[in-house]
Amino acid sequence: MKVLTSLIPLFFFYNFVFAEIPEKVISKIEELISEAPSGTRTAMMIYNPLTEDTIISINASESMIPASNTKLFTTSVALELMGGDYLLSTRILADDNDFSDSIIEGNIYIKGFGNPTFESDDLDSLV
C-alpha cells in the first residue's frame, strides 16, 4: 500500500496546483512502482483534465480488481446517493404468478442486490 498512498498526494498536489506534472515527479512515480514487491500488479493513468493530456500511463487498459482506495471512493459516492439508512435486499422470485393455491409451479430464483452480509444462515431462513 506504500506505493499507492505515496502517489495520491503527489497526484492531487501537482495536478491542481501546477496543472501538469514535472518530469522529476514522473520519475519518482516510476521509482516507487519499481520498488513494489515482485508479483505486484500495477496499473495507473494520470490524466490532466485541463489539457486533456495523459501524463503517465502504465498498464492502464489491463483489467484488475479495484484497489482498496478505489473502493473507498465508490463507497463514499454510494453513501452520498443512497444514504446511510439504505438497505440492500435479497429477493425470492418465481415463474408462477398465482400464489392463491399455495403451490409454486415452475422455477424459484434468489436474486441478490449486493448484500455483502448475506450468508448461508440467511438462505436457510428464507427457505
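Some observations on this one:
- Accessible surface for the range 20-62, divided over its residues, is 69 Å² per residue with a 1.4 Å probe.
- 3J(HN,Hα) couplings calculated from phi for the range 55-61 with the Karplus curve 6.51 cos²θ - 1.76 cosθ + 1.60 (θ = phi - 60°) are, in sequence order, 7, 8, 9, 10, 6, 5, 9 Hz; Gly and Pro show x.
- Look at where the Cα atoms of the range 31-48 and of the range 66-101 average out, and the two centres are 33 Å apart.
- Close amide H pairs (under 5 Å, H built 1.01 Å from N) link residue 55 with 46, 47, 48, residues at least 5 positions away or on another chain.
- Full extension of the chain between residue 126 and residue 79 gives 14.2 nm of extra length, using 0.36 nm per residue less the Cα-Cα distance.
- Residues in the range 68-127 average 88 Å² of solvent-accessible surface per residue, probe 1.4 Å, ligands and nucleic acids excluded.
- Residue 90 accessible area, 1.4 Å probe, all protein chains in place, Å² to nearest 10: 40 Å²
The values are calculated or read from the model by the stated rules, or taken from the named source; none is laboratory data. This structure is a prediction, so every number in the text was calculated from the model and none was measured. Accessible surface areas use protein heavy atoms only, side chains included; no ligands, DNA or RNA. Shrake-Rupley method; radii C 1.70, N 1.55, O 1.52, S 1.80 Å.
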